[in-house]
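Report on the structure given below.
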Amino acid sequence: MPAMKPAFLADFRNSRRVPPQVIVARNSPESYTTRLGALAQSAANEPSFTHDLVSLACLGLLNQEQRTNLALRSQEFDSASWAKIAASIVADVGLAPDGTTTADRIQEDATNSAHALQQSFTIASGATICVSIHVTEQPGSAARFLRVQFTDTPGTNGFRVVIDPVAGTASGAQGIGSGTLSFSGVERVSGGWRVWVSGTAGTATAMVMTLFMQTVAAGSAVYTGDGTSGVRVWGAQVEAGSVPTSYIPTAGSQITRAANSLILSGSEFTSRY
């Protein structure tokens with residue numbers, strides 16, 4: 001048998017390039033991690049070669065399904081889209097994963113209360129939802145943990161996880177009431193962590209994402225604040241699915257990132273053998 005040369009060979013991870021026989025089709029921008037470890041966005045129909053933040057090794061070409069970020073003002077926690085509970089927002093105090101100074105501080109007040117941010121959503125009954133947020137510690141703050149929770153409006157059914165913004169460790173992932181936990185995790189991002197949790201909240205359709213601060217990981221969300229402590233947050237995302245996809249920034253409306261399509265073209269693929 002004569003030696004056969006493949007009509008197509010792609011090694012996206014090592015070559016960091018798209019062969020001329022491949023057309024990347026995606027009718028929207030897409031977030032990815034650059035070879036320098038920063039979060040960036042590729043333009044529509046441009047390839048996104050993402051990298052490991054620690055080793056900076058190329059992980060290959062992103063090939064994601066369509067997803068919509070349901071969270072409004074995903075980087076603007078001082079906006080009216082986010083309700084403040086015994087807390088305030090100090091905007092643009094820290095470095096965000098994309099290299100801009102747009103991370104906000106959730107600052108507790110001095111009352112004995114839950115100290116939190118909250119945004120409301122309407123979802124399909126029984127839908128699996130994944131919520132995520134970028135978190136980092138606030139220098140000079142007393143130790144604070146962040147509970148990321150997604151529940152029905154009474155707060156009785158849903159799921160949650162708690163992150164230590166110093167160590168980057170997650171704990172307490174669980175379903176609440178009739179809610180079920182699917183998955184949870186933490187990934188290193190430039191300047192901090194991205195924590196995520198997914199699950200269902202029963203048959204409820206009116207939901208809330210709540211970011212509670214806590215003084216201990218397994219403790220209550222109700223405590224007496226000192227009026228200055230808190231954590232830094234950036235890049236909230238609420239999407240239908242059991243695992244998170246790359247970050248989709250939003251402003252005053254929900255934003256959809258289109259699916260990636262890789263199309264083979266050229267005369268090598270038009271002949272029949």
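Between Thr128, Thr68, the distinction of being under 19 Å from Gln41 (Cβ atoms), of a type outside the set (A, V, I, L, M, F, W, C) and surrounded by fewer than 21 Cβ atoms within 10 Å (Cβ to Cβ) belongs to Thr68 only. Within the stretch 37-55, which residues are within 16 Å of the chain's Cα centre (by Cα) and not in a loop (DSSP other than H, G, I, E, B)? Leu39, Ala40, Gln41, Thr50 - these are the residues of the stretch 37-55 that are within 16 Å of the chain's Cα centre (by Cα) and not in a loop (DSSP other than H, G, I, E, B). Considering only residues that are of a type in the set (Gly, Ala, Ser) and over 18 Å from the mean Cα position of the chain (by Cα), which ones fall in the stretch 168-211? Gly172, Gly175, Gly177, Ser178, Gly179, Ala201, Gly202, Ala204, Ala206, listed by residue number.
When Gly202, Gly252, Gly227, Gly235 are screened for being touching a Ser or Thr at 6+ places or on another chain (Cβ under 7 Å), over 13 Å from Ile133 (Cα atoms) and touching a residue at least 12 places away in the same chain (Cβ under 8 Å), only Gly202 passes. Within the stretch 163-182, the set of residues being in contact with a strand residue (DSSP E or B) (Cβ under 6 Å, 6 or more places away or on another chain) and hydrophobic (A, V, I, L, M, F, W, C) comprises Ile163, Val166, Ala170, Ala173, Ile176, Leu181. Annotation for the stretch 105-125: at least one member residue is buried (at least 18 other Cβ atoms within 10 Å of the Cβ), within 25 Å of Phe212 (Cβ to Cβ), small (Gly, Ala, Ser) and more than 20 Å from the chain's Cα centre (by Cα). Selection of the stretch 164-178 for residues being crowded, with 19+ Cβ neighbours inside 10 Å and either over 21 Å from Ser190 (Cβ atoms) or in contact with a Lys or Arg (Cβ under 8 Å, 6 or more places away or on another chain) (or both) yields Pro165, Ala173, Ile176. When Thr228, Thr256, Thr210 are checked against the criterion of being assigned to a strand (DSSP E or B), at pLDDT 95 or above, among the polar types (S, T, N, Q) and surrounded by fewer than 19 Cβ atoms within 10 Å (Cβ to Cβ), a single residue qualifies: Thr256. Total residues in the stretch 56-94 satisfying the condition of being touching a helix residue (DSSP H, G or I) at 6+ places or on another chain (Cβ under 6 Å) and part of a loop (DSSP other than H, G, I, E, B): the figure is 0.
All of (1) without any contact (Cβ under 8 Å) to a residue 40 or more places away in the chain; (2) under 24 Å from Gly225 (Cα atoms) hold for Leu56 with one exception: (2). Going residue by residue through the stretch 134-144, is there one that turns out to be under 16 Å from the mean Cα position of the chain (by Cα), surrounded by fewer than 21 Cβ atoms within 10 Å (Cβ to Cβ) and touching a residue at least 12 places away in the same chain (Cβ under 8 Å)? Within the stretch 134-144 (the criterion being under 16 Å from the mean Cα position of the chain (by Cα), surrounded by fewer than 21 Cβ atoms within 10 Å (Cβ to Cβ) and touching a residue at least 12 places away in the same chain (Cβ under 8 Å)), the answer is no, since none of the residues qualifies. Comparison of Thr136, Thr250, Thr224 shows that the only residue that is of a type in the set (S, T, N, Q) and more than 21 Å from Thr100 (Cα to Cα) is Thr224.
The values are calculated or read from the model by the stated rules, or taken from the named source; none is laboratory data. From a predicted model like this one, the values you see are computed outputs, not experimental measurements. Reconstructed Cβ throughout: ideal geometry from the backbone, glycine too, with neighbour counts over all protein chains shown.
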